[in-house]
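Every number in this text was worked out from the coordinates using simple rules, so none of it is lab data. Remember, predicted model here, so these are calculated numbers, not experimental data. Please note: Cβ atoms are built from the backbone with ideal geometry, for glycine as well, and neighbour counts cover all protein chains shown.
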Amino acid sequence: NLFKGFSTFFKSGLIGSDDYMKSLSELEDETIEELASSLSGSKFIKQNLSEILKMLLEEMQTGDNDFTPEVLEEDEWTELELTSIFKAFKEIASSGLLDEGSTDAIQQLSDKQIDDLSTYISSSKFLTKNLTPIMDMLLGSMDLGNIEIKGFEDSSKWTKQEIASLLKGSKIVVSYTDDLTQMVKMSEDDLDILMTSDLISNVLVDFIKE
C-alpha cells in the first residue's frame, strides 16, 4: 500500500506540479478513488497526510488570506474522507472559485456543482474544520461591496444544507454588489434562499441595521 500510494500520487500529477489548480481540476474520478484507497490503506502515509494536505491547501491560498490548516488524527484519514477532499478540491479548482475577482465564477455555478460541492465538503472532517478560513479565502477574492460574511467557529454547523444555501445565497448577493440598495427589490424566491443560510440571514440583519 505504501508503494501504491506514492505511485498513485506521482501519477496524479500533484507531486511536483507547477500548477496545482490545473492538476487538481484535471483529476479523474478513477484517480481520486485510487488515491483515496491507497493513501488510506497505508499507515505510514496516513501518519504524514496532515502535512501533505496542508501543503496542497496552502498552494490553493491566495492573496493575504494565508492560514495554517487544522489537521486530523491518523485514524480519521478514511477512504471516504480522502475521496471527499479530493473531489471538493477538484470542483473548487475547475470552477475557478479561487481566481482573482471570481464573482463571475460563483454566479456561473450550476445547481449540480453546488450540490456536489456541499456534499463533498460536508462529508469531510478536514474541510469542515477548515471551512471558515477557506470561505474567507474564497469570498476574499470576490467583490461583495460592503457585505462581510463571517464563518462559524463551530465546525459542526457546516452542514450540507448550510453550505449549499451559502453558495446559492452568495450567487444572489454578488448580483447586487453594484448597488446593494436594490436588494430590497429581490424576489421572494431569492429572499427564501438567503434566509435558509444562517450566515447570510445574520449578515442581512446586520446590513439592515446599518
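Annotations
- Were the residues from residue 79 through residue 154 laid out at 0.36 nm apart, the gain over their Cα-Cα distance would be 24.6 nm.
- Label sites at residue 10 and residue 195, each approximated as a point 7 angstrom past Cα along Cα to Cβ, lie 5.8 nm apart.
- A straight chain from residue 44 to residue 161 at 0.36 nm per residue would run longer than the Cα-Cα distance by 38.6 nm.
- Ordering of 122-130, 185-193 by packing is 122-130, 185-193, highest average first (other Cβ atoms within 10 Å, averaged per residue).
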